[in-house]
1. In the stretch 61-117, if every C-alpha pair distance is counted and binned at 10 Å from zero, what percent goes to each bin?
2. What is the distance in Å between the Cα centres of the stretch 86-163 and the stretch 37-53?
3. Under a Cβ-only charge scheme (Lys and Arg +1, Asp and Glu -1), can you give me the dipole magnitude of the chain about the Cα centre, in debye to the nearest 20?
4. Which percent of the accessible area of the chain is formed by carbon and sulfur heavy atoms (probe 1.4 angstrom)?
5. I need the peptides 54-66, 143-155 ranked by packing, meaning the mean over residues of other C-beta atoms within 10 angstrom, with the highest value on top.
6. For the stretch 1-90, treating each Cα as an identical point scatterer without solvent, what Debye log10 I(q)/I(0) comes out at q = 0.12 1/Å?
7. Give me the accessible area per residue for the chain, probe 1.4 Å, as a whole number in Å².
8. Full-extension gain between LEU97 and ALA4, please, as 0.36 nm times their residue separation minus the C-alpha to C-alpha distance.
Amino acid sequence: EWQALGRLGGSFLIVGDPDYPAPLAAISQAPPVLATVGRRELLARPMLGVVGARNASANGRTFCRQIVAAVGDAGIAVVSGQAAIGQEGLVIAEAPLGAEPMARHFPRRNRIISGLSLGVLVIEAQLRSGTLITARLAGEQGREVFAVPGFPLDPRARGANRLLREGATLVETGDDIIEPLLTAHGLASSRNPGMPE
């Protein structure tokens, strides 16, 4: 495993290592070993989990791009289970190399998404979905939960709307996330001079 990951340009991250993310180490059942490929220095940034429906609407996708750009500009890294990772990103996996994705593994993956993050944003979600599992885990882990309101007749809006009724923070712009998230954790936005580069 070590050699195979090395051939991909990756390395293992073990709980207790100095660069193992403190928020993830603090959750119950923190992964003891993670395979990483890409820019591990991103793990030092504040992070926002972004989750939503696999069959996202056109408006949901557009809004997601706007929010991700805004939080990225503020120095916040985005964590997602199905993100398209470019050369600027980091891939993290708990499963062994070559493991096939299986639905029963998604809740374990979701705990890593919320565990890495200071907060989780739900853009669209049906009432029975992995997205709401991630939001529930975020709440149990003491993370902020943000949600985008949706049209009541769209089944993809029902999960986020329910989260809003239960006390999630309503999101219409990136500012609805950036300042509350960073302020709650004693951090400053990179738009402000107090945030280290």
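1. 18, 49, 27, 6
2. With the stretch 86-163 and the stretch 37-53 each reduced to a Cα centre, they are spaced 13 Å.
3. 660
4. Roughly 55 percent of what the probe reaches on the chain is carbon or sulfur.
5. 143-155, 54-66
6. Reported log10 I(q)/I(0), two decimals: -0.46.
7. Spelled out: the 1.4 Å probe surface of the chain, per residue, equals 55 Å².
8. Here the segment from LEU97 to ALA4 would lengthen by 32.7 nm.
The values are calculated or read from the model by the stated rules, or taken from the named source; none is laboratory data. Keep in mind that this is a model prediction, so the values were computed, not measured. Neighbour counts are summed over all protein chains in view; Cβ atoms, including those assigned to glycine, are modelled from backbone coordinates with ideal geometry. SASA here: full protein model, heavy atoms, side chains in, ligands and nucleic acids out. Shrake-Rupley method; radii C 1.70, N 1.55, O 1.52, S 1.80 Å.
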